[in-house]
Structures are given as C-alpha cells and as structure tokens.
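So the structure is just underneath, and the comments pick up after that.
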Amino acid sequence: MIPELWTCIFSAFFFYVHGAKLPEPEVKIEVLYKPFLCHRKSKYGDILLVHYDGFLESNGTMFHSSRHHGDKNPVWFTLGIREAIKGWDKGLQGMCVGEKRKLTIPPSLAYGKEGKGKIPPESTLIFDIEIIEIRNGPRSHESFQEMDLNDDWKLSRSEVKEYLRKEFERHGYAANDTHHEVMVEDIFQKEDEDNDGYISSREFTYKHDEL
C-alpha cells in the first residue's frame with residue numbers, strides 16, 4: 001500500500017440557532033503523566049501513535065483497548081481531520097511524547113445518538129490515552145522542509161521523486177523508478193496550481209486536493 005502524501009485537513013464547523021452561535025461542548029482533560037522533557041507538542045495535522053483504553057462513563061465498562069484487544073499494537077491517526085472522534089481531535093492537542101491523559105468526552109463529540117458497536121446511544125466516554133510517537137503530517141510545514149532538499153521554498157520533480165523513494169524504502173517496499181515517475185507526474189498535475197514546474201510552499205501547505 002502506497003503511503004499517503006497528502007491529507008485533507010477539515011475546518012472546524014460551527015452551528016447557529018436564531019443567528020447565535022452555540023457554544024462548543026467541552027472535553028474534560030486530566031493529565032495523568034507528563035514527561036519532564038518535552039521537545040515537541042502535538043498539533044492539528046500531526047500523525048500520532050497512541051495506546052488507549054476506552055470506557056463507558058455510565059458503568060465503567062471497557063469497550064475497547066489497544067493494549068488488550070486486537071493485535072495489541074498502538075494505533076496511528078492524524079490529529080484534526082476527523083479520523084477519530086471529534087473528542088480526540090479536541091483533547092489530544094498540545095501533548096508530549098510519553099504524556100498520558102484521561103479524556104471525558106460528551107456524546108456530541110463521540111458517537112452521539114447512534115452509538116457504535118458496544119457503545120450505546122448518547123454515551124459519555126472516558127479514554128486513557130498515551131502518545132507513543134508524533135510525526136509530521138503530510139501537509140505540515142516541517143514535511144515541506146524535509147522534502148525541499150535545496151531550501152529554495154519550492155519542490156522540484158526530482159525532490160518529490162527522492163521523497164517517494166525514501167518513503168517506499170521506509171515502509172519496506174522496493175524503489176521503482178518507472179512507478180515513481182508516473183506518481184510524480186500525477187502529483188504535479190494536481191498540485192502545481194500555476195503550472196510553473198514547481199510545487200510552492202503555498203501550494204503544498206494550503207492547497208488540499210487529495211490524490
């Protein structure tokens with residue numbers, strides 16, 4: 001499976017009644033552990049590797065745990081694009097690697113009136129979450145700098161191709177020049193908005209078409 005390079009980051013949605021904005025429901029955040037050293041904090045667009053235990057507030061029943069269920073491995077998700085419930089997007093900002101938080105999430109920021117699986121409708125959920133790793137999201141400024149090998153604030157075809165090669169190897173796939181050339185052309189068709197032969201930092205960071 002080819003690693004995704006581009007992710008569409010959604011904006012926050014606000015709801016209005018009679019012209020007045022409804023207040024956003026809150027996630028209750030308790031910091032259970034915070035490391036003494038924190039070199040970086042999580043932000044929207046970052047890719048996080050987390051372990052979690054999820055409980056129903058009503059009776060304390062555990063409905064899922066990455067540590068005890070399935071393959072017992074931590075899970076990756078991108079913060080801020082609704083890959084997980086909205087309560088995670090709100091409650092996992094500003095965390096350090098190794099930090100543990102307890103989130104109490106109201107139904108409107110979880111699974112609402114429908115519920116899901118073992119989670120009944122209108123359930124308040126409690127999660128104990130630990131961040132294992134933080135990586136740059138595919139549309140982050142840091143990712144652009146990583147790809148921009150000559151620091152000229154624009155990406156050439158050769159720079160994008162080199163990034164693809166490294167990503168393939170990092171995920172255990174053999175490099176394939178012909179395949180990479182096709183991918184590069186497809187990327188430039190979609191992302192090079194002004195057709196100047198380069199993907200600028202603006203086009204990379206603010207133009208969010210998905211491949």
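Please count how many residues of the range 83-127 are farther than 30 Å from Arg202 by Cα, in contact (Cβ under 8 Å) with a residue 60 or more places away in the chain, open to solvent by less than 40 Å² (accessible area, probe 1.4 Å) and part of a loop (DSSP other than H, G, I, E, B).
Residues in the range 83-127 being farther than 30 Å from Arg202 by Cα, in contact (Cβ under 8 Å) with a residue 60 or more places away in the chain, open to solvent by less than 40 Å² (accessible area, probe 1.4 Å) and part of a loop (DSSP other than H, G, I, E, B): 5 in total.
Residue by residue, here is whether (1) over 30 Å from Asp186 (Cα atoms); (2) hydrophobic (A, V, I, L, M, F, W, C); (3) modelled with pLDDT under 90 holds:
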{"site": "Gly80", "(1), (2), (3)": "no, no, yes"}
{"site": "Gly87", "(1), (2), (3)": "yes, no, no"}
{"site": "Pro120", "(1), (2), (3)": "yes, no, no"}
{"site": "Ile134", "(1), (2), (3)": "no, yes, no"}
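Only one of (1) within 30 Å of His51 (Cβ to Cβ); (2) modelled with pLDDT of 90 or more fails for Tyr198. Which number is that?
Of everything listed in (1) within 30 Å of His51 (Cβ to Cβ); (2) modelled with pLDDT of 90 or more, Tyr198 misses just condition (1).
Does Gly60 satisfy the criteria of being small (Gly, Ala, Ser), in contact (Cβ under 8 Å) with a residue 40 or more places away in the chain and open to solvent by less than 50 Å² (accessible area, probe 1.4 Å)?
No; evaluated as a whole, the condition is false for this residue.
Quick one: which of Ser108, Ser140 is touching an Asp or Glu at 6+ places or on another chain (Cβ under 8 Å), among the hydroxyl-bearing types (Ser, Thr, Tyr), modelled with pLDDT under 95 and at negative phi?
After ruling out the rest, the residue left standing is Ser140.
The values are calculated or read from the model by the stated rules, or taken from the named source; none is laboratory data. Nothing here was measured: the structure is a model prediction, and the numbers come from that model. Positions of Cβ are generated from backbone atoms using ideal geometry, with glycine treated the same way; all protein chains shown enter the neighbour counts. Just the protein is used for accessible areas: all its heavy atoms, side chains included, with ligands, DNA and RNA removed. Shrake-Rupley method; radii C 1.70, N 1.55, O 1.52, S 1.80 Å.
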